[in-house]
Structures are given as C-alpha cells and as structure tokens.
Amino acid sequence: MIVIGERINSSRKRIAPAVDNLDAGFILNEAGMQLDAGADYVDVNAGMFGEREPELLCWLVRTIQEKYDCRLSLDSPNPKAIEPALKLHKGKALINSISLEKARFDSLMPLVRDYGTDVIAMCADDNGMPTDLQSKLRLAGELVEKLTANGIPLENIYIDPLVHPVATDHTYATIVLEALVRIMNQFKGVHTVIGLSNVSYGLPFRFLINQMFLVLAMDRGLDAAILDPTDKRLMANLITTRTLLGQD
C-alpha cells in the first residue's frame, strides 16, 4: 500500500503562512511527521499562491529533500511550476496530476515522459468529472491507452477514479469501490489511487468515515492513497488490513 502524505497543501490554513513566509522549520516538521508515520511520498502543493507557485514549489522540493531522502508528489496542473520542480527533485517524482482535459494532458505529458516520473491520472476530461461507473471506466481505459502510447509504463500510472462526497449522493462510495475492482482486473500492473478524505466532505465524524472507506477500498484492490498518515487509527487500520489481505 503506497501512502502519499497530504498535509503540505497550501489550501490548509496552517500550511499557507508557513509556505508564504518560507518557514523551513515548520515545513520540515510536517514532512518529518508524515515520513515517520509511514508515508512513501510527501505531497507538496503551492497552488494557492498564483504567480509565486513555481518559486514556492521549488522551495518546498529543495527544503524537504535537503533534509530527507524521500520522494515527493508534485501537486499542480501547472507545467510552469512542475518542470522547474522536477529539475530540482532527487530521484523519481510523482506528478499529481494529469487528466484527459486536452490542455492539461498536452502540457504535462511531455514532462511525465521526459523525466520518467510516476503520474496520477484522474478520470476527468473536458466534459468534467463524471460520477457514474461507466464513464469512470471509459476514461480510465482512455488514460491507460494514451499514456502507454506515449511510452509510459503501466507501473508508473496511478489511476484515480475520483471520489465524490457521499453527502451529495450515498452511492458515490460504492461506485468508486466497483471502479477499483474493474480497473485493477482490466489493467494488470497499473496502480489505483484515491484522495481518501473526499468521501467524507460535508459530514460529521469525517475521520471515522475515512478510516472505514480505506479498509473497503483496500479490499477492492486499491494500492495507493492520498491521506493523512499522522492519523494513527487510520494507519493502524491500513496495516491491519494489509495483514488480513495477505500483503504483509
């Protein structure tokens, strides 16, 4: 199970001022906590800062990798921010994320190919982010086809079927669970990934919903998730589920 630590995101109230003020101590503490808790990647996002995003994303990469020997998930659709960050990144990065939106795909695809990165591929296109199963599966197939046609190995691809809040429609979680089964069965060697906390948006006791959804998703074949690894109960559930599924 691949854990992508989600905490260093400029949309979070405690993170934004630390990034804005280049507070290395704060950022390193956030990165260290996630790595100590079991993160395989640390996600870094500076998207809230507009024109400063390239500068700040590079600062995050440089700051974290100067102290920690770890891989980073570069969280941006902006190639002007992603490419300079890739030039600084030590080792194999993860780009978060590409989609079938034409402008996004055309601008990021050369970076994924030329830098040999892993990539999160979202089931979305210029018509939006579908919520029904068949559309998710169709887009997943198109993503795999287009990425592999550009020379991207299946093992570098992380298909994200896109989790929508069950507060909006109670069937959204089961649709994603079924999509995970179908994708993992159809494309042997590809990864699947979800942004875990999206499922609970707008509901009380979100941590409980996230914890249970992770267990269900792992049972359906999920092998990567963007989550908060400092949630000890969540990580305990993850480790226990891996054991029960014979993956430990």
Of the residues in segment 198-248 that are part of a helix (DSSP H, G or I) and of a type in the set (Lys, Arg), the one that is least open to solvent (accessible area, probe 1.4 Å) is ARG242
What residue, among those in segment 53-85 that are of a type in the set (D, E, K, R) and in a helix (DSSP H, G or I), is surrounded by the most Cβ atoms within 10 Å (Cβ to Cβ)? GLU53
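With respect to LEU88, is the statement that it is surrounded by fewer than 19 Cβ atoms within 10 Å (Cβ to Cβ) and over 27 Å from CYS123 (Cα atoms) true? Step through it out loud before you land on a result.
Details: surrounded by fewer than 19 Cβ atoms within 10 Å (Cβ to Cβ): yes; over 27 Å from CYS123 (Cα atoms): yes.
For LEU88, the condition - surrounded by fewer than 19 Cβ atoms within 10 Å (Cβ to Cβ) and over 27 Å from CYS123 (Cα atoms) - is met.
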Given the structure, is LEU22 over 28 Å from ARG233 (Cα atoms) and outside any loop (DSSP other than H, G, I, E, B)? no
Look at segment 87-119 and say how many of its residues are in contact with an Asp or Glu (Cβ under 9 Å, 6 or more places away or on another chain), more than 21 Å from LEU137 (Cα to Cα) and either assigned to a loop (DSSP other than H, G, I, E, B) or of a type in the set (Lys, Arg) (or both). 4
Can you tell me which condition GLY38 does not meet? The list is (1) surrounded by fewer than 22 Cβ atoms within 10 Å (Cβ to Cβ); (2) more than 16 Å from the chain's Cα centre (by Cα), and all the others hold. (2)
Some residue of segment 230-244 being touching a Gly at 6+ places or on another chain (Cβ under 9 Å) and closer than 18 Å to ARG12 by Cβ: yes
Could you give me the residue pairs with C-beta distances under 7 Å whose first residue belongs to segment 133-148 and is touching a residue at least 40 places away in the same chain (Cβ under 8 Å), whose second residue is open to solvent by 30 Å² or more (accessible area, probe 1.4 Å) and assigned to a helix (DSSP H, G or I) wherever it lies, and which are 6+ apart or on separate chains? LEU133/ILE175; LEU133/GLU178; LEU137/ARG182
Out of the residues in segment 120-151 that are β-branched (Val, Ile, Thr) and surrounded by fewer than 22 Cβ atoms within 10 Å (Cβ to Cβ), state the one that is farthest from LEU177 (Cα to Cα). THR148
Selection count where residues are assigned to a loop (DSSP other than H, G, I, E, B) and either surrounded by 14 or more Cβ atoms within 10 Å (Cβ to Cβ) or in contact with a Leu (Cβ under 7 Å, 6 or more places away or on another chain) (or both), scope segment 172-190: 3
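The values are calculated or read from the model by the stated rules, or taken from the named source; none is laboratory data. In this text the structure is predicted, and so the values were computed from the model without any measurement. Positions of Cβ are generated from backbone atoms using ideal geometry, with glycine treated the same way; all protein chains shown enter the neighbour counts. For accessibility, only protein heavy atoms count, side chains too; no ligands or nucleic acids. Shrake-Rupley method; radii C 1.70, N 1.55, O 1.52, S 1.80 Å.
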